[in-house]
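Before any comments, here is the structure.
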Amino acid sequence: MGYREIAARQRGFLLRSQLTEEEIQDMHDTGFIIKDILLNSDDIFRTQLSGHSDNDDSYWLWLLAFPTIPPEQRNPMPYFAGREALDIRGIGWGGGDPTLIVAPPELMPYANVEEKVTDEFIVDDHIQPTDWSLVDGVPVENILPALRRYLLTTDDFEDSADATLDAHYYGCSWDELAEVLEVCTGQWTIYETGEKAKTGKEVLNQFLNEYASPATSKDEEDDYDEDNDW
């Protein structure tokens with residue numbers, strides 16, 4: 001299989017380990033390689049076939065995590081977890097937590113730790129195909145465990161609420177979400193009572209009451225700013 005066919009299967013990206021030096025020179029000579037200051041690595045190339053999806057950057061980051069192992073040889077499959085997994089699924093909009101990849105121990109000798117392509121590799125001896133799914137061609141953690149990991153890395157109320165309510169929109173039940181939200185108990189003060197939520201269900205109710213509920217006319221008056229009235 002030629003490098004163009006390989007690139008077409010990999011969203012337009014190629015690992016150096018998949019190429020001969022002659023092929024790399026030919027890619028340069030024909031302009032098939034696109035120089036990219038953001039993708040600054042000797043281990044991977046962006047080509048003329050790249051750049052057609054919002055999740056391309058996540059995909060090349062996943063490739064670069066194990067730059068000597070082609071995707072078809074990554075078994076058990078390493079996958080994105082936490083915030084990155086939620087982002088790829090279109091859930092929530094917060095950021096700032098580490099980029100996590102769950103990986104089998106047998107792949108860790110090949111992990112790209114020098115370029116710090118992820119903030120953390122999570123080694124798991126028992127990765128199962130049911131732990132992840134492909135979203136836009138990128139392997140990502142299932143919603144509930146990804147949400148739990150994310151909630152453990154942020155203390156932002158709105159970001160947490162937004163991700164939780166999006167997770168419900170994408171099929172998670174309120175009971176499932178209440179169980180996940182146990183990790184947030186004691187974190188934020190409930191507006192009406194002045195106390196902190198003691199259960200995941202109370203956290204969920206707090207999200208629904210303080211974040212998801214439509215603003216009242218009094219709320220709108222409180223938020224009104226004459227300087228913005230133009």
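Of the solvent-accessible surface of the range 116-184, computed with a 1.4 Å probe and all protein chains present, 47% belongs to carbon and sulfur. For the range 129-136, backbone phi angles converted through the Karplus equation (6.51, -1.76, 1.60; θ = phi - 60°) give residue-by-residue couplings of x, 7, 7, 8, 8, 7, 10, 6 Hz, Gly and Pro being listed as x.
Please identify every one of the trypsin sites (Lys or Arg not before Pro) in the range 97-179 that sits in a loop by DSSP and has no more than 12 other beta carbons within 10 Å of its own beta carbon.
Numbers: sites: K116, R148, R149; in loops: K116.
Within the range 97-179, the qualifying trypsin sites (Lys or Arg not before Pro) (loop, at most 12 other Cβ atoms within 10 Å) are K116.
In the chain, the calculated helix contribution to ellipticity at 222 nm averages -9500 deg cm²/dmol per residue, counting -39,500 (n - 2.57) for every DSSP H run with n ≥ 4.
Can you give the local net charge around R4? Use residues other than it whose beta-carbon is closer than 15 angstrom to its beta-carbon, Lys and Arg +1, Asp and Glu -1. So the surrounding residues net to -2.
Using Cα-Cα distances under 8 Å and only pairs 6 or more residues apart, what relative contact order does the range 160-202 have, in percent? Spell out each step's value before the answer.
Numbers: 36 pairs, mean separation 14.4, N = 43.
Rounded, it is 33 percent for the range 160-202.
Between E114 and H52, the modelled labels are 3.3 nm apart [label points 7 Å from Cα along Cα→Cβ]. Placing +1 on the Cβ of every Lys and Arg and -1 on the Cβ of every Asp and Glu, with nothing else charged, gives the chain a dipole about its Cα centre of roughly 1180 debye.
Report the full-extension gain for the segment N142 to D125: residue separation times 0.36 nm, less the Cα-Cα distance, to one decimal in nm.
On the way: separation 17, 0.36 × 17 = 6.12 nm, distance 1.75 nm.
Stretched out fully, the N142 to D125 stretch lengthens by 4.4 nm.
For a quick check: with amide H placed at 1.01 Å from N, whose amide H comes under 5 Å from V123's, ignoring anything fewer than 5 positions away on the same chain? Result for V123 returns A103.
Determine, from the Cβ-Cβ distance of Y170 and Q25 and an R0 of 35 Å, the FRET efficiency 1/(1 + (r/R0)^6), rounded to the nearest 0.05.
Efficiency at R0 = 35 Å is approximately 0.15.
Sparse packing (at most 11 other Cβ atoms within 10 Å of the Cβ) combined with a DSSP loop state is found for the following trypsin sites (Lys or Arg not before Pro) in the range 1-94: K35.
If Lys and Arg each add +1 and Asp and Glu each add -1, what is the summed charge of the other residues whose beta carbon sits under 10 Å from the beta carbon of P104? Neighbourhood net charge equals -2.
Of all DSSP-defined beta bridges confined to the chain, some 70% are antiparallel rather than parallel.
Tell me the net charge near T130. Cut-off is 14 Å between Cβ atoms, T130 excluded, with +1 for each Lys or Arg and -1 for each Asp or Glu. Around T130, the charge tally is -3. When only Cα pairs below 8 angstrom with a gap of at least 6 residues are kept, the chain shows a relative contact order of 14 percent.
The values are calculated or read from the model by the stated rules, or taken from the named source; none is laboratory data. The model shown is predicted, which means the values in this text are computed figures rather than measured ones. Reconstructed Cβ throughout: ideal geometry from the backbone, glycine too, with neighbour counts over all protein chains shown. Side chains included, ligands, DNA and RNA excluded: accessible areas come from the protein's heavy atoms. Shrake-Rupley method; radii C 1.70, N 1.55, O 1.52, S 1.80 Å.
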